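As structure tokens, the structure follows; a few thoughts come after it.
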């Protein structure tokens with residue numbers, strides 16, 4: 001101990017701390033110092049690091065007490081005011097192996113501080129340990145949130161975090177009593193809500209489906225026979241988490257897959273669904289997101305059968321869902337009448353009778369565009385004919401080979417002429433064939449006629465665009481088919 005510590009710290013108390021024979025004795029001494037409001041005098045100057053190093057010394061010969069030592073250090077850091085970094089910089093070297101279960105510590109603050117200590121480790125077991133222990137903890141909620149928060153930070157995205165929880169959900173199913181199991185699930189999902197609500201990092205790929213799968217994995221086999229109030233709280237927490245996701249990334253509101261958690265909840269609750277809706281504290285916010293998403297889609301001339309199904313599910317019946325849509329759309333007179341009618345009828349509007357116009361028109365540009373489409377669609381076939389078929393025929397049937405070769409050459413001349421004409425008229429293909437897009441009847445021609453409720457389509461034939469005074473206009477709509 002150097003002179004600075006002697007001059008600034010409570011020397012007798014510091015000396016007593018440094019001669020403690022074991023960690024429990026030192027921990028008890030520090031607890032008494034804190035209770036007597038004498039801890040600040042003890043850790044003045046170099047006293048803080050001196051005590052911290054004594055904790056590490058007592059832990060070094062016994063790996064089984066490293067977790068308890070970490071809790072002691074983090075409890076010390078909590079009272080060190082602005083000097084907690086002096087403690088945290090020592091923690092990465094504390095754990096020489098994966099610690100025992102946090103539940104092995106005595107009740108109280110130790111579990112929370114142990115969770116903080118573990119989070120400072122840079123070991124390869126950190127993420128797995130945090131996930132597993134967050135599910136194994138019974139009632140130490142602060143420790144659970146700390147572990148989940150660290151796991152989320154390590155995984156880097158909300159989707160990856162939820163998928164990891166899903167894969168570990170089997171741990172709670174080892175609890176034999178259904179009510180006890182579901183209460184554990186309620187605590188876990190509630191902690192997930194708290195952690196997700198404070199997360200400002202990446203949401204990852206498809207956070208909605210990840211949340212739905214996570215909920216389904218945790219409540220499977222329990223919802224029907226458990227207390228309705230407990231089930232409601234579990235599902236409410238999941239719904240609130242979805243609302244946080246939508247608030248962070250509003251584009252999720254327009255993707256029907258984002259609402260997978262609603263479908264998964266209904267599948268699990270089944271006959272108790274209407275009772276849940278009457279109890280739910282979060283479904284009102286979810287309904288608001290759904291109605292607003294429907295209104296925005298309608299103003300974009302879009303319909304979506306999946307989102308309509310979720311709205312009906314969220315209201316418990318088609319009649320209630322339709323009534324809510326009608327109220328929400330009451331001032332939306334700017335939407336396309338046919339699209340608006342589909343939404344306020346609950347997706348039950350009569351299918352549009354418009355038939356696909358597969359003619360490309362009579363004017364010159366449309367005719368040239370049609371020719372360009374046909375030429376380009378046959379390009380690969382004609383190249384294969386010249387490359388593979390002609391050499392074979394030159395051996396087996398030279399006369400036919402000459403005919404085929406001449407036909408291929410003729411196609412090449414026609415193709416060049418078509419491309420030249422298209423360039424002269426400033427025509428170009430959309431180059432969308434095979435792409436999967438959002439359906440817009442103003443931009444796409446649906447094979448078999450317009451179908452209300454279809455959101456995703458696949459392009460089966462390219463369209464033609466023309467440049468008009470620097471602006472690009474679709475002259476011939478691409479042909480599309482429903483991709484759902």
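The values are calculated or read from the model by the stated rules, or taken from the named source; none is laboratory data. It should be emphasised that the depicted structure is a prediction, and the values quoted were computed from it without experimental measurement. Positions of Cβ are generated from backbone atoms using ideal geometry, with glycine treated the same way; all protein chains shown enter the neighbour counts.
Observations, loosely collected:
- Members of region 432-449 found to be on the phi > 0 side of the Ramachandran plot and at pLDDT below 80, listed by number: 448, 449
- Criterion (in contact with a helix residue (DSSP H, G or I) (Cβ under 7 Å, 6 or more places away or on another chain) and either touching a residue at least 12 places away in the same chain (Cβ under 8 Å) or in a helix (DSSP H, G or I) (or both)) met by exactly one of 437, 442, 372, 432: 372
- Residue check, residue 191 modelled with pLDDT of 95 or more, in contact with a helix residue (DSSP H, G or I) (Cβ under 9 Å, 6 or more places away or on another chain) and either closer than 29 Å to residue 299 by Cβ or assigned to a helix (DSSP H, G or I) (or both): yes
- Criterion applied to 268, 293 was being within 18 Å of residue 209 (Cα to Cα), buried (at least 16 other Cβ atoms within 10 Å of the Cβ) and modelled with pLDDT under 90, and the one residue passing it is 268.
- Hey, residue 239 in contact with a helix residue (DSSP H, G or I) (Cβ under 7 Å, 6 or more places away or on another chain), under 21 Å from residue 136 (Cβ atoms), in a helix (DSSP H, G or I) and at pLDDT 90 or above or not: no
- If you check 240, 215 for being crowded, with 17+ Cβ neighbours inside 10 Å and either more than 16 Å from residue 269 (Cβ to Cβ) or under 10 Å from the mean Cα position of the chain (by Cα) (or both), only one passes: 240.
- 3 or more residues under 27 Å from residue 144 (Cβ atoms), touching a residue at least 12 places away in the same chain (Cβ under 8 Å) and in contact with a strand residue (DSSP E or B) (Cβ under 7 Å, 6 or more places away or on another chain): qualifying helices (runs of 4 or more DSSP H) within region 18-132: none
- Boolean, residue 46 is in contact with a helix residue (DSSP H, G or I) (Cβ under 9 Å, 6 or more places away or on another chain), modelled with pLDDT under 90, under 14 Å from residue 23 (Cβ atoms) and surrounded by fewer than 22 Cβ atoms within 10 Å (Cβ to Cβ): no
- Selected residue (criterion: modelled with the lowest pLDDT) from residues of region 358-392 that are in contact with a strand residue (DSSP E or B) (Cβ under 8 Å, 6 or more places away or on another chain) and within 13 Å of residue 461 (Cα to Cα): 360
- Residue 301, sole failed condition from (1) modelled with pLDDT under 90; (2) part of a helix (DSSP H, G or I); (3) surrounded by fewer than 19 Cβ atoms within 10 Å (Cβ to Cβ): (2)
- Annotation note: of 264, 270, 244, the sole residue that is assigned to a helix (DSSP H, G or I) and on the phi > 0 side of the Ramachandran plot is 270.
- Residue 452 in contact with a helix residue (DSSP H, G or I) (Cβ under 6 Å, 6 or more places away or on another chain), assigned to a loop (DSSP other than H, G, I, E, B) and on the phi < 0 side of the Ramachandran plot: yes
- Leading residue by the ranking (nearest to residue 277 (Cα to Cα)) among those in region 321-344 that are surrounded by fewer than 16 Cβ atoms within 10 Å (Cβ to Cβ) and modelled with pLDDT of 90 or more: 323
- Within region 277-286, if we keep just the residues that are in contact (Cβ under 8 Å) with a residue 12 or more places away in the chain, surrounded by fewer than 18 Cβ atoms within 10 Å (Cβ to Cβ) and in a helix (DSSP H, G or I), the residue that is farthest from the chain's Cα centre (by Cα) turns out to be 279.
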